[in-house]
Structures are given as C-alpha cells and as structure tokens.
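Everything on this sheet refers to the single structure shown next.
The values are calculated or read from the model by the stated rules, or taken from the named source; none is laboratory data. Bear in mind that the values here come from a model prediction, so they are computed numbers and not experimental data. Here Cβ is always computed from backbone atoms with ideal geometry, including for glycine, and neighbour counts include all displayed protein chains. Note: areas computed on protein heavy atoms with side chains; ligands, DNA, RNA excluded. Shrake-Rupley method; radii C 1.70, N 1.55, O 1.52, S 1.80 Å.
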Amino acid sequence: MIKLACSIPNKVTLACSGGSDSMVVLDFLLKGRKDVTVAYFNHGTVHGDQAENYLVDYCEQKNLELVVGKIKGEKKSSESPEEFWRNQRLSWLHGFKSQVVTGHHLDDAVEWWIFSSLNGCGRLIPLANKNIIRPFLLTPKSEILDWAKRKEVSYVDDPSNDHLKYARNRIRHNIMPEVLKINPGIRTVVRKKIEDRIKMER
C-alpha cells in the first residue's frame with residue numbers, strides 16, 4: 001500500500017523521468033484527481049531523448065501539460081556526472097512557482113542513508129527542499145512496482161540504472177543485498193527515522 005509522508009496539494013508539478021517510480025506517482029496523482037503538470041529534465045543522453053519522446057506521447061494522450069528542461073553549462077572538474085545532473089535538475093525544479101512532487105521512495109532513502117554513512121554521517125533525504133516535496137518517502141519500492149503491475153502502468157527503463165560506474169548503483173545492486181542479509185529490517189529502521197523527523201518538524 002502506498003503510504004504518504006505528507007499531504008499533496010490539488011495542483012502540483014511532478015518531476016517525472018518516465019521510469020517506474022515517477023510514472024506510478026503520476027498514475028496515483030491522476031487517480032486522486034490532482035491537477036498535474038509533468039516536468040521532465042533531459043540529461044542530454046540517448047535515453048534522455050527516448051524518455052522525452054515517450055512522455056510527449058503519453059502527455060498528449062492524457063491531455064497533460066509537459067514542460068521539458070535541458071542541461072546548461074559545463075560540468076565542473078570537482079563534480080561527478082551524478083552531482084552535475086542532480087544540481088542542474090534541482091536548479092531547474094526550484095524555478096517552478098508551484099510545489100514540485102518527486103517519486104523518491106523508502107528504498108531511495110535507505111540507499112542515501114547508507115551512502116552518506118559510508119562518507120562519514122548518515123543523512124536522510126529531506127521531506128521538503130524549497131518548493132520540492134517528497135510525499136512517497138515512506139513507501140517501499142516493492143509497493144511502487146506492485147502498483148505498476150496491478151494498474152498496468154507503462155514506463156521506460158533507464159539502462160544507466162544498471163551501470164556500476166555510478167555509486168548509487170553499486171550500493172543498490174552490490175551493497176543493499178548484503179545489508180539486507182545482516183539487517184532485513186533496515187527499511188523499518190530508516191522509515192522510523194523519517195517518521196521521527198516528520199514529527200519533530202510539525
């Protein structure tokens with residue numbers, strides 16, 4: 001079952017990649033009769049163009065407004081490709097006047113907590129960042145995929161999600177399976193941390 005970490009306004013912009021997470025969130029919002037503008041950020045890759053074409057067709061069929069952002073400027077030598085893309089995407093999303101919903105879920109939060117712990121200090125993905133809100137942080141990935149299957153939600157897979165040159169993928173594919181062997185309840189641990197922080201911020 002999809003569990004929300006916060007309420008969602010009736011009129012929102014959805015940061016949508018065309019992947020399973022954001023397409024399930026889009027389906028969820030539309031079934032909840034939300035007024036949704038779809039925002040897609042093209043990272044300038046072959047898949048980026050494919051995903052953009054997919055979303056153009058999807059939004060035309062659903063009569064949804066689609067706004068597309070593009071990479072600007074050059075990557076700094078101190079930035080990894082992931083950091084560069086994330087910074088460009090965040091800067092673009094912060095430019096929207098409406099609240100922006102992302103599809104970040106509980107498994108993303110667990111992976112980020114592990115990654116940040118390995119770098120010295122375990123951190124949680126914030127529920128909000130300026131105009132960006134992440135209502136699905138309490139929902140595990142398995143529930144996202146279950147929704148996609150039950151509701152027959154279409155999406156496009158990003159092949160870069162399997163590339164082990166990216167730290168997030170090494171954590172997801174190599175480290176997470178071992179973490180789950182050591183502590184099968186790691187998602188519960190991080191979920192409680194998120195819930196505790198939400199209570200403190202209220």
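Listed values, structure above:
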item	result
Criterion (closer than 30 Å to K31 by Cα, open to solvent by 50 Å² or more (accessible area, probe 1.4 Å) and without any contact (Cβ under 8 Å) to a residue 24 or more places away in the chain) met by exactly one of R187, R202, R170	R202
Filtered residues of the range 128-161 (kept if at pLDDT below 95 and touching a helix residue (DSSP H, G or I) at 6+ places or on another chain (Cβ under 7 Å))	D158, P159, S160, N161
Selected residue (only one of G44, G18 is touching a residue at least 40 places away in the same chain (Cβ under 8 Å), under 21 Å from D158 (Cβ atoms) and in a loop (DSSP other than H, G, I, E, B))	G18
Candidate set from the range 54-79 (those that are of a type in the set (A, V, I, L, M, F, W, C) and modelled with pLDDT of 95 or more); member that is nearest to S22 (Cα to Cα)	L55
The range 59-74, subset under 22 Å from the mean Cα position of the chain (by Cα) and not hydrophobic (A, V, I, L, M, F, W, C), residue surrounded by the most Cβ atoms within 10 Å (Cβ to Cβ)	G69
Residues of the range 111-124 satisfying the condition of being without any contact (Cβ under 8 Å) to a residue 60 or more places away in the chain and either open to solvent by less than 30 Å² (accessible area, probe 1.4 Å) or hydroxyl-bearing (S, T, Y) (or both)	S116, S117
Of all residues making up the range 109-147, the number that are more than 15 Å from the chain's Cα centre (by Cα) and among the aliphatic types (A, V, I, L, M)	2
Criterion (charged (D, E, K, R) and in contact with a His (Cβ under 6 Å, 6 or more places away or on another chain)) met by exactly one of K130, K76, K97, K70	K130
Matching residues in the range 92-110 - criterion: being assigned to a helix (DSSP H, G or I) and either open to solvent by 80 Å² or more (accessible area, probe 1.4 Å) or among the charged types (D, E, K, R) (or both)	D107, D108
Exclusive hit being over 17 Å from R134 (Cα atoms) and of a type in the set (V, I, T), set V25, V12, V67	V67
Condition met for Q50 (surrounded by 13 or more Cβ atoms within 10 Å (Cβ to Cβ), modelled with pLDDT of 95 or more, more than 16 Å from the chain's Cα centre (by Cα) and over 18 Å from V24 (Cα atoms))	yes
Residue within the range 133-152 that is more than 23 Å from D27 (Cα to Cα) and either among the aromatic types (F, W, Y) or surrounded by 12 or more Cβ atoms within 10 Å (Cβ to Cβ) (or both) present	no
Any hit, the range 21-35, residues being open to solvent by 40 Å² or more (accessible area, probe 1.4 Å) and of a type in the set (S, T, N, Q)	no
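For every residue, the table says whether it meets (1) small (G, A, S); (2) farther than 18 Å from E60 by Cα.
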| position | (1), (2) |
| --- | --- |
| M1 | no, yes |
| A5 | yes, yes |
| A15 | yes, no |
| D21 | no, yes |
| V24 | no, no |
| G32 | yes, yes |
